[in-house]
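Taking it in order: structure first as structure tokens, then the write-up.
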Amino acid sequence: MASGGAGGGSKSYSFKVVLLGEGCVGKTSLVLRYCENKFNDKHITTLQASFLTKKLNIGGKRVNLAIWDTAGQERFHALGPIYYRDSNGAILVYDITDEDSFQKVKNWVKELRKMLGNEICLCIVGNKIDLDKERHVAIQEAEGYAESVGAKHYHTSAKLNKGIEELFLDLCKRMIETAQADERAKGNGSNQAGTARRGVQIVDDEPQNAAAAGGGCCSSG
Amino acid sequence: MVGSAMAAPLQNAMKLANVAIQLDTQNRHKDAYCEYLKSINYISQALLDEAVTQDGTEIVTADAQKMLKLAEQCLERAKSTATKLGKLEEKPAALEQHRPTCKPGHRRVLSDGGQATSPFLPPEIFEKMQIADTQNTKKELTPMEEASRLNQKLKATYEARLARLNPSQAMQKTSLTLSLQRQMMENLIIAKARQDALQRKVEERRLRLQEEANRRFSSSACLTSEEQEQRIFYTSILEYDQDHDWPRNWKSKLKKNPDDLSLVVGLLSCILSCPEHPVMKLLKKLQYRIYNKLYSIVSRANCSHNLVQKSPAHVASIGKQHSMKASHSIHCMQSLQENNQMNNEKMKHSVSVTSLPLIEDYNANTDSRVQQQTQHMNNQETSTLSAVDKDGSFEDLEQFLPQFQGQPESLPNLSSQIPGEFLVLSLENDNLPQQLKDIVKDIHNSIDRLLSLCILSFETLNNAAAKDQCLAILEEAFFTPIWTLLLALFRKVYINRELAFERSMALYKNMKPCDIGVKSKLFPSESSPPSGCYPYEAAVIELKQISKFCCPQKKLECIVKALRLICECAEEYRNSNEPSTSHTSAAIGADDLLPILSYVALKSNFPQLVSECAALEEFIHEGYLIGEEGYCLTSMQSAIAFVESLHKGGAPK
């Protein structure tokens, strides 16, 4: 799923991460916290918190994250699949004081697994731990559920800026691992990656890989 | 003294004309046209100044005459440039025609007058335009052509001399004639020999280059057809490069600054202005092939054409007929008729005879007219018809439409009266989505081939950034002439979605942002906006620009700009509503963006947006998919789907 970047030697990866969660769980604040946190708030793109990008360097590997926010409202869910196709990771946010938002997360997990299989790295995030007194979703229940579906569970507070950096760092590492495993599975097909281009890659049998394969090289536009 | 005074204006005039000619050879017709006119203007002013100050006898100096001559030439060239400009303008004109030609009366005109029906240029003309573009550049003369020119000159001098001879000098006349004949013959023989030698050389060189190409591609033992093609292209590139200097110059420039993308742009525009370059030849060829295919599909499928742009009431009346089996045949017959007009086949007579009364009925809404039509149908169909006809509500039609579209076997009984080819046409009509898919695939393949040929010609382009730049420019050149036709096909395929979108717009056009779920702080309160404006108008205007562009990338930029404008507007509204909130804590997320975007889509009053986005989805670059462009397109699609679903049920919130 990763692509060889332009630079010689070190690898660079482009990952797409979708952000899912009901209206008031605070996913927008969460991602804003992450992207604006250090140094300056120039990270805010012209699309504000809907679409954000972040460049990372993890163990010498360059990572470009594209974070796609999705609408929580039910009425926009008809086209959900076009949002999360080709995603490498998904962050599913619920509000620990809102049982209902946790149920919604479960629905999304089912859908994502159905559409994308096990390729996608799932993170289930209980947000607003600053409001722990009003907690309505038990920690054990949430963590147990996450484990049962092959997802990782995290606790965050966008307000206090807690757990967010860890969440994204961890996710990136997992996505890199998945990507590397994927490369190995393809059997060092480095030659084909260099010359093959879009037309060749749009074969129906692996649609979820097509985009990311061309990703890194085309960020110029 | 006069001469020296005139020298400057003459030189200036020649400079001006030179600029114009250069522009002309670069195919920049409009600029050239203006420059020609400027030269004429300059000359006439200079001469006028001269004439006013000088005495009568001194006005017409040698230089003045030269200038007059120059002005004459400029005028000639301006005229020919103007015709070229006129031809180019036909393309946008085709776009404009799109709507008017769909008026109800249009079909009738067709059946009587036999005028060309499609708003699109037939492929023959498309190809001619391609060639016309090609001919704009000067060609080198072959030896034979050169000789014939020389001979013409000789003949002219000969005639001039003859005219000066006295009738009595018959002897001299004969000798002149003989010497002319001898000279002309000699010229031709020399030219022929030169031509043959040249041809031999060219042939030898071709063989040599072919070997070179073979060596390059010899690594694989058995060649696929693709490799074979590459080899042929490579030969033609080598050939071209030997004949021309500019590729070599560009290659060395690129080598010096391999990371300079502006060089790539320069090179590509240079290639695009050289019609003889193999890349351009291939582009024209592939473009024509796709245009041709599209044209035949679209003109065959023209039956559903009218559905797109009608008001709901009119759509209902046409949709009604469309849902009837017989009307299906009318459309097809018509397209057949178009074919006949083009191909001059013999069937024309019989078909137009049978179709005439039916076409008359095409626009009829009244029961009596429809009854006439039923004469052509059997009883079973009559019952279907009257059921539809009596209960003419739109909902019923929607049920009928897919039913009949999906059943090729339910062909009209009229088929017994019409030739077999017609059956094939209607069958094919039913499978437009598949045809569209094939076309999309063809286009992707074509662009891939062009890109790889480009890289084959200039190996320095073989890096990611340069490739992208290359691709963008090639795409623009490739899509621009075919886009309107391509979009027409998309619109035929997505007709039902466009109709749904249109219905929602008709129902909810006066909706306020809050009705669609936009938070109240994200639009101005009732009192504040000046009358005539509505919230997010800037984004709506930007979004509608999408139809002005003819290549996917530019269209995509439109959507991105519209979304950015939404965010800007939203921020502005919020700041005026809640001046105290901090900048970041309330930034626009998808939860806010989508309702606003849906509102903007609804306000656009532009059902074509459905098809435009569907087309963009097919042609967006892979690399853009996960970036901002991909996000914007996905959000747009999502908002459109929501708007489409609005009319089906209940509260929009």
Item to check | Computed label-point distance, nm, for sites residue B:188 and residue B:260 using a 7 Å Cα→Cβ extension | outcome: 5.3
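Between rounded, prolate and oblate, where does the stretch A:22-178 land on the alpha carbon gyration tensor, with a ≥ b ≥ c its root eigenvalues, rounded for a/c under 1.5, else prolate if a/b exceeds b/c? Mind dumping the intermediate values first?
Details: a/c = 1.33, a/b = 1.16, b/c = 1.15.
It comes out rounded by the Cα gyration axes.
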Checklist entry - Length gain on complete extension for the stretch residue B:571 to residue B:179, per 0.36 nm per residue less the alpha carbon to alpha carbon distance? => result 132.2 nm
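Using a 10 Å cut-off on Cβ to Cβ distances, tally the other chain neighbours for every residue of B:431-440 and report the average as a whole number.
Numbers: counts 0, 0, 0, 0, 0, 0, 0, 0, 0, 1.
Averaged over the peptide's residues, the number is 0.
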Item to check | From phi via Karplus (6.51, -1.76, 1.60), per-residue ³J(HN,Hα) for the stretch B:178-189 in Hz, x at Gly/Pro | outcome: 4, 5, 4, 4, 5, 4, 4, 4, 4, 3, 5, 5
Next on the checklist: I need the phi-derived Karplus couplings for the stretch B:512-517: 6.51 cos²θ - 1.76 cosθ + 1.60, θ = phi - 60°, integer Hz, Gly and Pro marked x.
Outcome noted: 8, x, 5, 5, 9, x
Checklist entry - Between residue B:76 and residue B:8, what FRET efficiency follows from the Cβ-Cβ distance if R0 is 30 Å, with the result rounded to 0.05? => result 0.75
Item to check | Packing rank of A:143-152, B:472-481, where each peptide gets the mean count of other beta carbons within 10 Å, highest leading | outcome: B:472-481, A:143-152
Item to check | Pair residue B:212, residue B:252: separation of 7 Å Cα→Cβ label points (nm) | outcome: 1.7
Checklist entry - Out of residues 5 or more away from residue A:58 or on other chains, whose amide H comes under 5 Å of its own, with H placed 1.01 Å from N in the peptide plane? => result A:63
Next on the checklist: Spelling out what I want: for every residue of the stretch B:615-621, take phi, set θ = phi - 60°, compute 6.51 cos²θ - 1.76 cosθ + 1.60 (Karplus), and round to whole Hz; glycine and proline get x.
Outcome noted: 5, 4, 3, 6, 10, 5, 5
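Is there a pair in A:133/A:159; A:61/B:467; A:16/B:467 whose C-alpha atoms are over 19 Å apart, and which pairs would that be?
Details: A:133/A:159 15 Å; A:61/B:467 24 Å; A:16/B:467 23 Å.
Violating the 19 Å limit, Cα to Cα: A:61/B:467; A:16/B:467.
Averaged across B:628-641, how many Cβ atoms of other chains sit within 10 Å of each residue's Cβ atom? Intermediate results must be reported in sequence, preceding the final value.
On the way: counts 9, 2, 8, 12, 3, 1, 8, 11, 0, 3, 9, 3, 1, 5.
Mean shielding by partner chains, rounded to a whole number: 5.
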Checklist entry - Ordered by packing density, taken as the mean number of other Cβ atoms within 10 Å over each peptide's residues, highest first, how do B:33-43, B:232-242, A:20-30 rank? => result A:20-30, B:33-43, B:232-242
Checklist entry - Ranked from highest to lowest mean number of other Cβ atoms within 10 Å per residue, what is the order of the peptides B:444-450, B:73-79? => result B:444-450, B:73-79
Checklist outcome for this item: For residue A:93, other-chain or 5+-apart residues with amide H closer than 5 Å (H placed, Pro excluded) are A:20, A:21, A:125
Checklist outcome for this item: Mean other chain Cβ within 10 Å across B:33-45 is 0
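Taking the beta-carbon count within 10 Å as an exposure proxy, list B:253, B:284 from fewest neighbours to most. Can you show the working numbers first?
Working: B:253 14, B:284 19.
The most exposed by this proxy come first: B:253, B:284.
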Checklist entry - By the gyration tensor of its Cα atoms, with a ≥ b ≥ c the square roots of the eigenvalues, what is the shape of the stretch B:459-584: rounded for a/c under 1.5, prolate for a/b over b/c, or oblate? => result oblate
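Any read-out appearing in this document is the output of simple, stated calculations on the displayed coordinates, not a laboratory observation. Values in this document were obtained by computation on a predicted structure and should not be read as measured data. No Cβ is skipped: glycine too gets one built from the backbone with ideal geometry, and neighbour counts run over all protein chains shown.
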